[in-house]
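Chemist: Attaching a single structure in structure tokens format; questions to follow.
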Amino acid sequence: MQNNKTNIVLIGMAGSGKSSVGGDLARLLGLDFVDVDMLIEANQHTPLQDLLNDLGAQGFRKLEEKALLSMQYENHIIATGGSAIYSDAGITHLKRSAVVVLLDVALPILEKRVGDFSMRGLVKTEDQTFAQLFAERSPLYQKHADLVISCGERSVASICQLIRDQLADTFYHF
């Protein structure tokens, strides 16, 4: 990995484990952790679902892009919201200082983990199903990922170790 890439950005669908893996991976690697969804909620003083209800999908995407473009972190694990990949500008900005890691989880596992997604804070059209959202986003995740981790039913600890090993072999020097 180039010297200017000191961050690891996690992307993936809701339920893929970005926040859980991000926190544990940060501890494992001795890096700081930031969750973009939590950052947006804190900055706006409003829960994600309320922001989505108030702003709509397009308005929220603009807010999310602004948050992504404002990030100037070093030595961080960054868990993005699942919709971050809609912002080419935002992801391109993050990639300047980060390796982007896709937490790849099969649709049936995601559906089981997420359950009723109506209050999950998912950026989607009103009538879009979770499966349709998965089909729409999957190519975008693949496009932006520098590294794809097949998570399946792996534990958070084993996913973190796999990411560490993969990055040590190909990108990152710990």
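The values are calculated or read from the model by the stated rules, or taken from the named source; none is laboratory data. From a predicted model like this one, the values you see are computed outputs, not experimental measurements. So basically every Cβ, Gly included, is an ideal-geometry build from the backbone, and we count neighbours across all protein chains shown.
One line per residue, one yes/no per condition, for (1) closer than 17 Å to LYS18 by Cβ; (2) outside any loop (DSSP other than H, G, I, E, B); (3) under 12 Å from the mean Cα position of the chain (by Cα):
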{"position": "GLN49", "(1), (2), (3)": "no, yes, no"}
{"position": "LEU55", "(1), (2), (3)": "no, yes, no"}
{"position": "LEU69", "(1), (2), (3)": "no, yes, no"}
{"position": "GLU74", "(1), (2), (3)": "no, no, no"}
{"position": "HIS93", "(1), (2), (3)": "no, yes, no"}
{"position": "LEU103", "(1), (2), (3)": "yes, yes, yes"}
{"position": "ILE109", "(1), (2), (3)": "yes, yes, no"}
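Chemist: Take the residues in the range 29-38 that are touching a residue at least 40 places away in the same chain (Cβ under 8 Å) and hydrophobic (A, V, I, L, M, F, W, C); name whichever of them is farthest from ARG61 (Cα to Cα). Reasoning before the result, please.
Modeler: Step one: of the range 29-38, the residues touching a residue at least 40 places away in the same chain (Cβ under 8 Å) are 29, 31-37.
Next, from what is left, pick out any that are hydrophobic (A, V, I, L, M, F, W, C): 29, 31, 33-34, 36.
Numbers: LEU29: 30, LEU31: 27, PHE33: 22, VAL34: 18, VAL36: 12 Å.
Among residues in the range 29-38 that are touching a residue at least 40 places away in the same chain (Cβ under 8 Å) and hydrophobic (A, V, I, L, M, F, W, C), the one farthest from ARG61 (Cα to Cα) is LEU29.
Chemist: Evaluate the following for ILE78: is it in contact with a His (Cβ under 7 Å, 6 or more places away or on another chain) and surrounded by 16 or more Cβ atoms within 10 Å (Cβ to Cβ)?
Modeler: no
Chemist: Which of the following residues is free of Cβ contacts under 8 Å to residues at least 24 places away in the same chain, under 29 Å from ARG164 (Cβ atoms) and assigned to a helix (DSSP H, G or I): GLU136, GLU41?
Modeler: GLU41
Chemist: If you don't mind, another one. Among (1) over 18 Å from the mean Cα position of the chain (by Cα); (2) part of a strand (DSSP E or B), where does ILE8 come up short?
Modeler: (1)
Chemist: Looking for something surrounded by fewer than 19 Cβ atoms within 10 Å (Cβ to Cβ), at pLDDT below 95 and either among the β-branched types (Val, Ile, Thr) or touching a strand residue (DSSP E or B) at 6+ places or on another chain (Cβ under 8 Å) (or both) - is there at least one such residue anywhere in the range 44-53?
Modeler: Taking every residue of the range 44-53 in turn, at least one turns out to be surrounded by fewer than 19 Cβ atoms within 10 Å (Cβ to Cβ), at pLDDT below 95 and either among the β-branched types (Val, Ile, Thr) or touching a strand residue (DSSP E or B) at 6+ places or on another chain (Cβ under 8 Å) (or both).
Chemist: Any residue at all in the range 127-141 that's buried (at least 16 other Cβ atoms within 10 Å of the Cβ), closer than 23 Å to GLN49 by Cβ and among the basic types (Lys, Arg)?
Modeler: Yes, that holds for at least one residue.
Chemist: In addition: Within the range 106-133, count every residue that is modelled with pLDDT of 90 or more and under 22 Å from MET38 (Cα atoms).
Modeler: Going through the range 106-133, the residues modelled with pLDDT of 90 or more turn out to be 106-110, 131-133.
Applying the additional criterion that residues be under 22 Å from MET38 (Cα atoms) yields 110, 133.
The qualifying residues number 2.
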